[in-house]
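One structure below.
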C-alpha cells in the first residue's frame with residue numbers, strides 16, 4: 001500500500017503531483033529558459049524547484065523507451081519520475097559542493113536590488129526566480145523579501161515564498177557541508193541580520209540631514 005502524500009510539504013505554487021507517491025513530471029518548458037544538459041547519476045542529491053531536495057534513486061526507461069530519473073524527495077518521502085530531456089527545463093540541478101559554500105555565504109553580504117511595489121508583478125518575478133533553480137536567484141529572493149519584511153510585514157503568500165526558499169537553501173547547504181540544519185540556519189540568519197544593518201546604514205547615509213537656517217551674525221539693537 002502506498003503512503004499518502006504529505007500535502008504540508010508540497011509547494012503551494014505547483015499542483016502537478018498526484019496523490020500517489022510516484023509521479024511523472026513534465027515541466028512547462030515554454031516558461032523556462034533553455035539550459036545546458038544536466039547529467040545526473042544514482043545517489044546524486046538534487047534541487048528540484050518548488051518541490052524540494054531529492055536524491056536520484058533510479059535511472060530507467062519506460063514503455064516508450066524514454067529515459068527517466070526517479071527522484072526521491074527527502075521531506076515527503078515521495079518519488080517523482082522526470083524525463084531526462086526535461087531536467088534542464090525543470091530547473092533541476094545538483095546541489096552545491098563544499099567549495100561553493102563560501103560563495104553562498106559571501107552573497108548574503110551583497111545588498112540586493114530593490115523590489116517592485118506592485119505586488120502582482122513582484123509575485124510573478126519571485127515565481128520565476130524559484131522555478132529557475134538558480135541558487136543566486138534564490139538567494140536574491142531571500143534577501144529581498146527579508147529586507148521588505150523589515151519595512152512592512154509580508155503578505156501570507158510572500159512569507160511562504162521566503163520560508164520555502166530559505167528552508168531549501170538551508171537543507172542544501174547542510175547536505176553540502178555535512179553539518180546539521182540548525183547550525184546552517186543560525187549562520188545564514190546572522191548573515192541576514194548583518195545585511196539588514198548594512199541596509200539601514202546605507203539608507204541613513206543617503207538621507208539628507210536637516211540643517212537649521214543660518215543665523216544673522218549682526219547683533220540686534222537693544223530696544224529703547
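Taken together, the values in this text are just the output of simple stated rules run on the coordinates, not laboratory data. Keep in mind that this is a model prediction, so the values were computed, not measured. Here the Cβ is made from the backbone with ideal geometry for all residues, glycine too, and neighbour counts use every protein chain on show.
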Once you compute Rg and the Kirkwood Rh from C-alpha atoms, what is the Rg to Rh ratio for the stretch 98-204? 0.95
Tell me, what is a quarter of the convex hull surface for the C-alpha atoms of the stretch 102-151, in nm² with one decimal? 3.5 nm²
Evaluate the distance, in nm, between pseudo-label points positioned 7 Å from the Cα of residue 179 and of residue 203 along their respective Cα→Cβ axes. 2.9 nm
Using packing as a proxy for protection, rank 59-65, 184-190 so that the peptide with the highest average count of other Cβ atoms within 10 Å comes first. 184-190, 59-65
Förster-model FRET efficiency, 35 Å R0, residue 62 and residue 110, C-beta, rounded to 0.05: 0.20
Value of D in µm² per second that Stokes-Einstein yields for the stretch 65-147, Kirkwood Rh from Cα pairs, at 25 °C (0.890 mPa s): 163 µm²/s
Relative contact order for the stretch 98-204 using alpha-carbon pairs under 8 Å, separation at least 6, rounded to a whole percent? 36 percent
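Once the piece of chain linking residue 72 and residue 43 is laid out straight, how much longer is it, given 0.36 nm per residue of separation minus the C-alpha distance between them?
Details: separation 29, 0.36 × 29 = 10.44 nm, distance 1.00 nm.
Separation in residues times 0.36 nm, less the Cα-Cα distance, equals 9.4 nm.
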